[in-house]
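For reference, the structure discussed in these notes is given below.
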Amino acid sequence: MAESHAEVLQQVWSRETMPKVMKIISTRLKLPQRDLISLLLVSSSLHRTLVSSPSLWLVLDFHEMVNAGDRLLAALALTRYHHVKQINLEFAQDVEDKHLDILRNQFSGSLQNLEHLNLNGCQKVSDMGIEAITATSPSLKIFSIYWNGISDKSLQMIAENYQHLESLDITRCIKITDGGLQHIMVKCSGLKSLNLYALSSFTDGAYKKLSLLGHLRFLDLCGAQNLSDEGLFSIAKCKSIRTLNLTWCVRVTDAGVIAIAQGCTSLEYLSLFGIVGVTDKCLEALSEFCSNTITTLDVNGCIGIKKRSREDLLQLFPYLRCFKVHS
């Protein structure tokens with residue numbers, strides 16, 4: 001009788017207790033996708049428990065994988081991924097427009113809740129693929145399209161369909177012009193993060209429109225060779241900026257940085273790396289207006305800014321944790 005009772009307890013543990021415990025573990029620890037799928041193979045009862053929990057299946061991560069396009073289609077055919085919120089296809093080289101077109105034609109219902117899409121380095125994706133995405137994913141808030149062959153047409157579609165967009169990364173999308181970028185800044189006024197790294201062709205005509213982005217907190221303009229003080233005067237109106245990368249913005253001078261210091265008084269991170277036109281004058285302005293917020297300041301290569309001791313720096317910026325100069 002005792003043995004029979006023990007067997008019953010074991011069955012209860014296997015069928016009821018263990019699945020519940022594993023569900024709690026997988027939820028609290030936020031296990032990677034591969035580990036979750038491995039758990040499905042442990043037992044049929046655990047499989048049922050995990051599959052019945054939608055919150056476990058909100059992310060699809062195929063970054064750097066081979067056959068990622070086909071893997072994505074196969075995953076979205078499964079009921080458990082019909083409420084996916086995040087898809088990562090970063091540097092999945094075989095993802096093409098045809099895969100995104102199939103998403104539009106066969107799986108649009110599964111992408112209604114998609115909020116975060118990473119297509120970084122998917123160089124076979126063009127304007128046609130972006131058109132498919134904008135037609136199927138109405139809830140997108142974070143869109144990364146680093147190093148793709150898209151044009152102004154894509155940015156126009158993004159601007160028209162995602163006026164609630166919060167983050168956009170178009171690093172190295174070299175076909176984009178002022179006109180395309182202006183679509184984003186006019187329509188997507190809620191942007192909090194904008195990455196324009198290694199895009200040297202934009203002019204002050206586009207940069208001046210950045211003043212429309214009143215909620216912007218992160219702005220990367222590394223390599224913006226045409227950005228002048230005039231452009232920075234407009235960017236200084238984005239008073240919520242916390243992180244600003246002006247690395248290799250070679251036309252910038254003290255006047256532009258002083259305007260940033262006066263306007264962006266919540267600045268925490270600033271890089272002036274490689275800008276020879278700035279001097280201690282801008283450093284003094286940053287100390288006057290941003291001394292209570294700046295923690296990271298990179299003036300490496302700024303030959304007009306003199307070296308200082310740690311004590312002198314902390315007098316200027318009491319909360320400074322990282323300062324780079326003439327390394």
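What does the charge add up to near Thr171, with Lys and Arg as +1, Asp and Glu as -1, over the other residues with Cβ less than 15 Å from its Cβ?
Local net charge: -1.
Do you know the relative contact order of the chain, to the nearest whole percent, from alpha carbon pairs under 8 angstrom that are 6+ apart?
In percent, rounded to a whole number, it is 8.
Can you give the accessible area per residue of the chain, in Å², using a 1.4 Å probe?
Details: 15550 Å² over 327 residues.
Here the per-residue accessible area is 48 Å².
On a full-extension model of 0.36 nm per residue, what is the gain between Cys322 and Arg48, subtracting their alpha-carbon distance, rounded to one decimal in nm?
93.6 nm
Nearest 500 deg cm²/dmol is fine: what mean residue ellipticity at 222 nm does the chain get from its DSSP H runs of n ≥ 4 alone, each adding -39,500 (n - 2.57), divided by its residue count?
Theoretical 222 nm ellipticity from helices: -11000 deg cm²/dmol.
Mind pulling up the Rg/Rh value for the range 55-199? Radius of gyration and Kirkwood radius, both on Cα.
That ratio is 0.94, to two decimals.
Write down Rg/Rh for the range 219-326, rounded to two decimals, with Rg from the C-alpha atoms and Rh from the Kirkwood relation over Cα pairs.
My calculation puts Rg/Rh at 0.92.
Given a Förster distance of 22 angstrom, what is the FRET efficiency for Ile303 paired with Thr203, based on the Cβ-Cβ distance and rounded to 0.05?
For Ile303 and Thr203, the calculated efficiency is 0.25.
How far apart, in nm, are the 7 Å Cα→Cβ label points at Asn113 and Thr243?
It is 2.8 nm.
Kindly state, to the nearest 0.05, the FRET efficiency for Val250 paired with Thr79, given R0 = 41 Å and r defined as their beta-carbon distance. Provide the component values of the computation, followed by the final result.
Values: r = 54 Å, r/R0 = 1.32.
Using R0 = 41 Å, I get an efficiency of 0.15.
State, as an integer percentage, the relative contact order of the range 219-326 based on alpha-carbon contacts under 8 Å between residues 6 or more apart.
In percent, rounded to a whole number, it is 23.
For the chain, which semi-axes, largest first and in whole Å, follow from the square roots of 5 times the eigenvalues of its Cα gyration tensor? Before the final figure, lay out each step's value.
Numbers: eigenvalues 427, 144, 47 Å².
Values for the chain, descending: 46, 27, 15 Å.
Of Lys153/Lys175; Lys124/Lys153; Lys153/Lys237; Lys85/Lys141; Lys98/Lys187; Lys208/Lys324, which ones are farther than 19 Å apart at the Cα?
On the way: Lys153/Lys175 10 Å; Lys124/Lys153 16 Å; Lys153/Lys237 28 Å; Lys85/Lys141 10 Å; Lys98/Lys187 28 Å; Lys208/Lys324 29 Å.
Beyond 19 Å between Cα atoms: Lys153/Lys237; Lys98/Lys187; Lys208/Lys324.
Roughly speaking, to the nearest percent, how much of the range 58-191's 1.4 Å accessible area is carbon and sulfur?
48
According to a simple spin-label model (label point 7 Å from Cα along Cα-to-Cβ), what is the distance in nm between Gln163 and Asp61?
Between Asp61 and Gln163, the simple spin-label model gives 3.5 nm.
Once fully extended, how much extra length lies between Thr293 and Asp280, figured as 0.36 nm per residue of separation less the alpha-carbon to alpha-carbon distance? Mind showing how you got there, number by number?
On the way: separation 13, 0.36 × 13 = 4.68 nm, distance 1.87 nm.
Full extension of this stretch gives 2.8 nm more.
Length gain on complete extension for the stretch Arg34 to Glu96, per 0.36 nm per residue less the alpha carbon to alpha carbon distance?
20.0 nm
The values are calculated or read from the model by the stated rules, or taken from the named source; none is laboratory data. The structure displayed is predicted, hence computed values, not measured ones. Positions of Cβ are backbone-derived with ideal geometry, glycine not excepted, and every protein chain shown enters the neighbour counts. For accessibility, only protein heavy atoms count, side chains too; no ligands or nucleic acids. Shrake-Rupley method; radii C 1.70, N 1.55, O 1.52, S 1.80 Å.
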